[in-house]
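Note sheet for the following structure.
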Amino acid sequence: MTELLLILVPLAAAAVAVLWPYDRTRPWFLPATGLAHVLLAFGLMLRPPEAPFHAWFGYDPLARAVLPAVSLLFLGCAAYGVPYLRLRAERSNRVFVAGFLAALGLMSAAHMARHLGLLWIATEAVTLSSVPLLHFNNTPRAFEATWKYLLVGGTGIALSLLGSFCLGYASLQGGGTGDLTFTALMAQGTGLSRPWVLIAWVLLLVGYGTKMGLAPMHTWKPDAYGEAPGIVGAMLAGGVTTVAFTALLRVRGVVDAAGAGAVASRTLLVIGLFSTLVAALFLLSTRDFKRMLAYSSVEHMGILSLGAALGGAGLWAAFFHVWNNSMTKGALFLSAGNIRRAAGGRTIDEVSGMAILTPHSAAVFVAGLFAVTACPPFGPFFSELLMVKSAFAAGHGWAAAFFLGCLLLAFFGLTRVVFAIVYGRPRQLAREMDPRFRETLAVIVPPLGLLLLTLWLGVATPDALRAAWTAAVRQLTPTP
Amino acid sequence: MNDLLNLLIGLAMGLNLVALGTSRLPSLIRIAALQGMVLGIMPLVMEHELRVMLLAVAVATVSMKGLVIPALLRRAMRTANIDRDLDPLIGFLPSLLLGAAGMIGAVVLARRLPLRPEHHESLLVAGALASVLAGLLLLIGRSKAISQVCGYLILENGIYLFGLLLIHSTPLLVEGGILLDLTVAVFVIGIIVDRIQRAFDSLDTRKLTVLRE
């Protein structure tokens, strides 16, 4: 039962944070909880308890393969949160800290959910708990972004509930009991009614795909990421998207078992390639560096979907990529937050010369750019290389070629924006910023740490992680 | 028994069309509330014997969907002091026609899907699909924030209808959790509506256009 602590510790911390009377010390709840969560997540990954999984919640191989990445990202964001919230001392951080902690607990719950209904409840709860985080800045733009997030995300998540019900009905129609645990659904396998499984798959793909930000359901993403504070953007791009991806993988396991795996793979392949294409095209035209990160996230979700479509080695690469995505997005969003704060602007028309004003953040940002565009020796290079290899091995040569073309376009788009804001001479707007934003260690170490983790993942992928990913692949595809 | 249930579902489907055709915000809220109440009493009609938990779920649904949420929306409408007319992005007649076509499509589709013997005569699947479509139409076709929330409520009602197919097999705990989540969602939406009103001095979502490429 120790694994339930992964859910309960953050939720309890959130409750205490609500009651905590001091605004100055409340932010320290974030790193303290983050550290506890990281220790728990890694401890349980390396030494899994012997007891069989609870039917509803369990730290099963799939959760073990991805949740520690989210946990690490949270710790990085939490450490950054302390100096960030000190800068924003004019506002009460009660709701923000509590919402952030609750989001961690609910994300753990969603990763560990082994019941279709509970998975949905946890995912929806994550969405709701991140609403106050999104409009923390309280500007009209932030409310506009929140509204779109709620409406588009809410509709998507409602459709995934309908899909969950359809899958339940597939079980009933096939003579089952309508038990919605994934174990029971997978055990029923081909006994599930095929038409209902297909309807369920489409609805669940649209629903959780919206949450994940796959094109064409990605429209809320640039707005939300652009307006949210850096740490929230990082958590959304590296944590919430992982929740949705894990959910899709669990559902896909059931669809596979029901004998419709080929259909699922084909849809994932198409939607993945479409997402990378859409992201690449928007990256070529965007002028705002925070929205740029959102399109980059759409691209990486496309990559994950592609990996899931390939199955086997591709799926293993997708787990690898989940880690890389979380770490690089953390480094990029946090350093972009620093740059945004010092520059006082957010588009390449307003911002330039950040290498002079914030040299450390700019360095992390540029290194993060090379990481996210899959330059060696960063982790994403290796995961994407594996994916391309497995695409060729699976006979999807044209898909791999198309994918590489999109990556190249995305590279052009990203470098265009990043170098425009980093080089050149500082603009008037930034020189007038008062008080001057100082690059203290507290705001540099978290993004730098996440960046170094990306590097480490690429150069020396730990064997424990490799084993965890292999176990997760085996869980999803029981018969090799 | 089944006839009574079908009558209620038919009523809910009719309300979809009324919602699509109405041009006033207060009546749209009233229709969504009424539909919620009709849905709330359905579990009682479906069961042969009354159980305490079932009764509790029914009471909770009726009071949430029928009373609390509409009251919240009405309050938001009053404090926002907005124009009570709905200006549609998709006109009333086209949306009515689309809604009616969707309803027919839903009935046809429901007949073609494999259903369990006890659901053959029931309109549940057709009603669910028709409501989901009507909700989506309202979400897309109306510009005021509150009317979009009503669309979202009708969409949810459709999903709730579908959930009734599984009422014997899903644990009540899960159903309760789903209901709670949906309620909180609408609460949160209500709060954001209020904030949008203060920030933009309007609830017309067409004004939310700062963020674009």
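Quick note: the coordinates plus some simple rules give every number you see, no bench work behind them. This is a predicted model, so every value here is computed, not measured. Heads up, the Cβs are rebuilt from the backbone with ideal geometry, glycines too, and the neighbour counts pull from every protein chain shown.
Structure values in brief
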| quantity | calculated |
| --- | --- |
| Out of A:Pro140, A:Pro132, sole residue that is surrounded by fewer than 22 Cβ atoms within 10 Å (Cβ to Cβ), within 7 Å of another protein chain (Cβ to nearest Cβ) and without any contact (Cβ under 8 Å) to a residue 60 or more places away in the chain | A:Pro140 |
| Test: residue in the stretch A:195-216 that is surrounded by fewer than 24 Cβ atoms within 10 Å (Cβ to Cβ), part of a helix (DSSP H, G or I) and under 20 Å from the mean Cα position of the chain (by Cα) | yes |
| Unmet criterion (only one of (1) closer than 27 Å to A:His135 by Cβ; (2) touching a residue at least 12 places away in the same chain (Cβ under 8 Å)) for A:Tyr22 | (2) |
| Test: A:Gly117 is in contact with a Leu (Cβ under 6 Å, 6 or more places away or on another chain) and within 7 Å of chain B (Cβ to nearest Cβ) | yes |
| Index of the failed condition, A:Thr177 passing every other in (1) surrounded by fewer than 24 Cβ atoms within 10 Å (Cβ to Cβ); (2) free of Cβ contacts under 8 Å to residues at least 24 places away in the same chain; (3) in a helix (DSSP H, G or I) | (3) |
| Residue selected from the stretch A:9-68 under the condition in a helix (DSSP H, G or I) and touching a Pro at 6+ places or on another chain (Cβ under 8 Å), by the criterion surrounded by the fewest Cβ atoms within 10 Å (Cβ to Cβ) | A:Phe42 |
| Residue that is under 17 Å from A:Ala309 (Cα atoms) and small (Gly, Ala, Ser), where the choices are A:Gly209, A:Gly189, A:Gly175 | A:Gly209 |
| Flag if A:Gly312 is crowded, with 24+ Cβ neighbours inside 10 Å and either closer than 18 Å to A:Pro216 by Cα or of a type outside the set (Val, Ile, Thr) (or both) | no |
